[in-house]
1. Here is a list: 134, 92, 78. Which entry is without any contact (Cβ under 8 Å) to a residue 40 or more places away in the chain and either closer than 26 Å to residue 181 by Cα or of a type in the set (D, E, K, R) (or both)?
2. Name, by its number, the condition in (1) within 19 Å of residue 92 (Cβ to Cβ); (2) at pLDDT below 90 that does not hold for residue 134.
3. Just checking, which of 113, 136, 147 is under 40 Å from the mean Cα position of the chain (by Cα) and surrounded by fewer than 18 Cβ atoms within 10 Å (Cβ to Cβ)?
4. Within the range 166-176, which residues are surrounded by 14 or more Cβ atoms within 10 Å (Cβ to Cβ) and free of Cβ contacts under 8 Å to residues at least 40 places away in the same chain?
5. Considering only residues that are touching a Phe, Trp or Tyr at 6+ places or on another chain (Cβ under 9 Å), assigned to a helix (DSSP H, G or I) and open to solvent by less than 30 Å² (accessible area, probe 1.4 Å), which ones fall in the range 89-108?
6. Select, from 45, 55, the only residue that is in a helix (DSSP H, G or I) and either under 26 Å from the mean Cα position of the chain (by Cα) or among the polar types (S, T, N, Q) (or both).
Amino acid sequence: IRLMNLRYGTNHLELQVLDRQTDSVLTSRSLTIRVRPPFYISWPAIVFYVLLLIAAIVWGIYYVRKRFRQALKKQEMEQYNEIRLQIDNYIEKHMNDAELDIAQLCKQLGIGRTRLFQVFQHVYATSPQQLIAERRLQRAAQWLISRPQCNISEIAYDLGFQSPKYFSHCFKERYGTTPSNYRKTKAK
């Protein structure tokens, strides 16, 4: 018996046993054969393949977006580092200038006020005014020790503070002691 041209699904077969001499049907049987497709063609497999394809596409999109974000972040960091160098150099050169303010920084860097604040928050995690004040106070602490011949008022005016009283207030707030006490304790 050879079964040919069976299709996936249900097939109805009729088997007959013939007598060769008389060509008469000796017996007849009806069969129903259910042929299942191989797994890789079945509907669960097709659903699996579709889900696998969707997962591959989603992963591809995720990977491309991740690489794109990394490239943007790298480019942004390079820009931030360049701007940071410019900011540090400008503040260092103009620290003694009492007129040093945000408008001058924006003009020097060629960026707007909003962008300047974004850069400061990202790079320094502080505002421009706070950074300038912090750098001035650090320099003041150095000068109090390295320039014992200068009085505190001279240091305050040289670093761009509006008055010695305001300088003393800021210094005490930052270092927890007055400039004169700081000089005495560090000189020992």
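The values are calculated or read from the model by the stated rules, or taken from the named source; none is laboratory data. These numbers come from a predicted model, not from an experiment. Cβ placement follows ideal geometry from the backbone for every residue including glycine, while neighbour counts extend to all protein chains displayed. Note: accessible area is taken over every heavy atom of the protein model, side chains too, but ligands, DNA and RNA are not part of it. Shrake-Rupley method; radii C 1.70, N 1.55, O 1.52, S 1.80 Å.
1. Values: 134 fails: without any contact (Cβ under 8 Å) to a residue 40 or more places away in the chain; 92 fails: without any contact (Cβ under 8 Å) to a residue 40 or more places away in the chain.
None of the other options fit; the residue is 78.
2. (2)
3. On the way: 136 fails: surrounded by fewer than 18 Cβ atoms within 10 Å (Cβ to Cβ); 147 fails: under 40 Å from the mean Cα position of the chain (by Cα).
Answer to the selection: 113.
4. Taking the range 166-176 first, the residues surrounded by 14 or more Cβ atoms within 10 Å (Cβ to Cβ) are 167-168, 170-172, 174-175.
Listed by number, the residues that qualify are 167, 168, 170, 171, 172, 175.
5. 102, 105 - these are the residues of the range 89-108 that are touching a Phe, Trp or Tyr at 6+ places or on another chain (Cβ under 9 Å), assigned to a helix (DSSP H, G or I) and open to solvent by less than 30 Å² (accessible area, probe 1.4 Å).
6. Working: 45 fails: either under 26 Å from the mean Cα position of the chain (by Cα) or among the polar types (S, T, N, Q) (or both).
One residue alone meets the criteria, 55.
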